[in-house]
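Working notes, beginning with the structure itself.
The values are calculated or read from the model by the stated rules, or taken from the named source; none is laboratory data. Quick caveat, the model's predicted, so the values are computed rather than measured. Note that we place each Cβ from the backbone using ideal geometry, even for glycine, and neighbour counts take in every protein chain shown.
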Amino acid sequence: MGEITLKTSLCLLTLLVTLAVLETPYCHAAAIVAPSPSLSPEVASLMQEYWDWTLSSSPEYSTFFGIHDNDHLLDDMSLAGYQSRYDQFKEFHKQAVALQANYTSPYDSVNLRALVAEFENYLDSFYYERYLTPLSYLGGIHSDFSDGLSYMLTDKLDDYKKILSRIHAFPTQIEQVGELLRIGVSKGIVMHNISMKGVVDEIGGHVVDKAEDSPFWEHFSNITTPDATAEGIEEIQKTARSIILDEEKT
Ligand SMILES: *[C@@H]1O[C@H](CO)[C@@H](O)[C@H](O)[C@H]1NC(C)=O
Ligand SMILES: *[C@@H]1O[C@H](CO)[C@@H](O)[C@H](O)[C@H]1NC(C)=O
Ligand SMILES: *[C@@H]1O[C@H](CO)[C@@H](O)[C@H](O)[C@H]1NC(C)=O
């Protein structure tokens, strides 16, 4: 679970930085953005660049962190997507290691060490091709996708259109995950049967005859935004129904 490891460890890293600069102890973007009197600008700048890239290259992660700029997009889970993230991590790793030679104050060096460890963790996990086993009872798009939608905004009727555009893009992600699984099978890299307990049933739960039976429907069943009109709600629910049932005229 390369991505989960990334999220968890990045969160810890953020927390470390947060505590160090005595900001509010939340895992939040402000932690890295906040200038510190003792962090060298070059080190801060690499951290900022890594953070910005993380948010833009993972729209779903960004949503999870309460940053809603890319709420209409989904993560690229294609093999090419993983490869390009790997290449970027290698580049960040190179930069962080280069900075280590020049920035040796305790504050710089502890942050650089955490950063380098973060990058090495990702690069090492890539070696084991963890992305070829993207589904298990612990998670995967069969369970995480719908959960992820609950982190999206529902303040305005327009926010529901973003939820719809994510569901609309979901089949592409399913294709990407299918391709990863196929490559895994061809290389003999698959999950143990025990780790797949319940996964097939959970996927089956999305295959419905009535939109109301879909796990996605809960996101549209109770639209109560201040700007909601009966027609507006009707339109959103109608679109949701046709996307869920795959009845879209394209
Ligand atoms: C480290 O310092 C040297 C000498 O000042 C400089 O040439 C080099 O570009 C610096 N490297 C980094 C990564 O800042
Ligand atoms: C895999 O596990 C399921 C129960 O989760 C069981 O019904 C099935 O027989 C197992 N298949 C193999 C090949 O062991
Ligand atoms: C619908 O949403 C409103 C506002 O969030 C909430 O107060 C109400 O309990 C919800 N109703 C149902 C049936 O979930």
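Here is a yes/no grid of residues against (1) within 16 Å of ligand 2 (Cβ to nearest atom); (2) modelled with pLDDT of 95 or more; (3) assigned by TED's automatic domain parsing to the domain that holds Leu79:
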site	(1), (2), (3)
Phe170	no, no, no
Val177	no, yes, no
Ile183	no, yes, no
Asn193	yes, yes, no
Ile203	yes, no, no
Thr224	no, no, no
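The requirement of being farther than 27 Å from His68 by Cα, surrounded by 14 or more Cβ atoms within 10 Å (Cβ to Cβ) and outside the structural domain of Asp76 (by TED's automatic domain parsing) is not satisfied by Met152.
Checked against (1) exposed (fewer than 13 other Cβ atoms within 10 Å of the Cβ); (2) not in a helix (DSSP H, G or I), Lys238 meets all criteria but (2). Among the candidates Glu247, Glu231, Glu202, the residue that is touching a His at 6+ places or on another chain (Cβ under 8 Å) and charged (D, E, K, R) is uniquely Glu202.
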